[in-house]
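Right, one structure below, let's go through it.
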Amino acid sequence: MANHRLIVRFLSRLGALSLLTVGLVAGVATAPALAQSSAQSSAASALGYVALGDSFTAGQGAPPYASDGTLCLRSKRASYPAIAALVSPYRLVANQACSGASTADIPAQLRGVSTRTALVTITVGGIDAGSNAVLAACAPDPTSPVCSGAIDNSLAALGVLAPKLVATYSAVAAAVPQAKIAVLSYPRQFKPGFSPLGDLLNTATDALNGVIAGSVAAMATPRIRFVDAAQEFAGHGIGSGIPYFAFDPLNPFAVANFHPNALGNSLGYTRALANDGVLRRP
């Protein structure tokens, strides 16, 4: 019953947050795009593809990882950008995404990206919203005051996330003026009812996706689109027969845990991009 009350309390807070988000998005809808980066790559392709963002685009749930001298945990072969490039006319020039990246890290990821890039995909906002902190605080006991405090902090972060996202999308659009930009959602990680923690995190994911979708809508440009992968991941959360997420119950702190595995990257994210027409030749 305590778990149920916590989830109900969390849902009630999201109602107030949705109104706040609408106001924030409306306020930044006319925000000017950030200045275009002057750094450009000479190795551009007419159908060049660059991936940006955090661990969900890096491919953290699908090891082994590239030995690239970073701690970005980029999958060698099974990130959705690598798979999408195999089944589309786009050539993956670079996967710049990095585990732990927030909106503040995207300008650095844009350095060296060609202005002639044709496609950009991005997942970002989860770190800004405190997703890692909520998971760490709530995993031991979803009913604890520590978990409740982490949720409060996450809701506060969500309340100021929309302007950060709009500024980030503006910076990307300015840096790659010819590109289609696909902003992907964060899919629900757990089978509904699998655990109180899973239901709590699924609810938080829905709230985050609402802010992301609203921020993309505020950009009001057809070349920046929100790609909702919920349908493709439905029925494949942790606890399902065929999960699209990595999770080792014997090692709950494994770095791959709670991220799309190879199936999630291929049948989840890549299929969502294909179903939304993002991977079609322009």
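Read-outs: derived from the displayed coordinates by stated rules, not from any lab. Just so it is clear, the model here is predicted, and its values are computed rather than measured. As a convention, Cβ positions derive from the backbone with ideal geometry for all residues, glycine included, and neighbour counts pool all protein chains shown.
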Once the in-chain neighbours fewer than 8 apart are removed, the lysines whose Cα is under 25 Å from K180 read K76, K164
Once R116 and T70 are pulled to full extension, the length gained, defined as 0.36 nm per residue separation minus their Cα-Cα distance, is 13.9 nm
Rounded to one decimal in nm, the spacing of the 7 Å Cα→Cβ label points at S148 and A254 is 3.4
For region 215-282, the Kirkwood Rh over every pair of distinct alpha carbons, in Å, works out to 13.6
Placing each pseudo-label 7 Å from Cα in the direction of the beta carbon, D141 and R77 end up separated by a distance in nanometres of 4.5
Length gained if A234 through R281 is fully extended, taking 0.36 nm per residue and subtracting the Cα-Cα distance, is 14.2 nm
Taking R0 as 41 Å and r as the Cβ-Cβ distance between I242 and A156, the FRET efficiency 1/(1 + (r/R0)^6), rounded to the nearest 0.05, comes to 0.65
Here the FRET efficiency for S195 versus V87, based on Cβ atoms and R0 = 25 Å and rounded to 0.05, is 0.15
Quick note, region 129-269: a/c under 1.5 would make it rounded; otherwise a/b > b/c is prolate and the rest oblate (a ≥ b ≥ c, C-alpha gyration tensor); here it is oblate
Simple spin-label estimate for A133/A274, 7 Å along Cα→Cβ, in nm, reads 3.9
Residues of region 161-176 with backbone N under 18 Å of the label point set 7 Å from the Cα of R223 along Cα→Cβ are 166-176
Distance in Å, no decimals, from the C-alpha centre of region 197-236 to the one of region 112-150 is 13
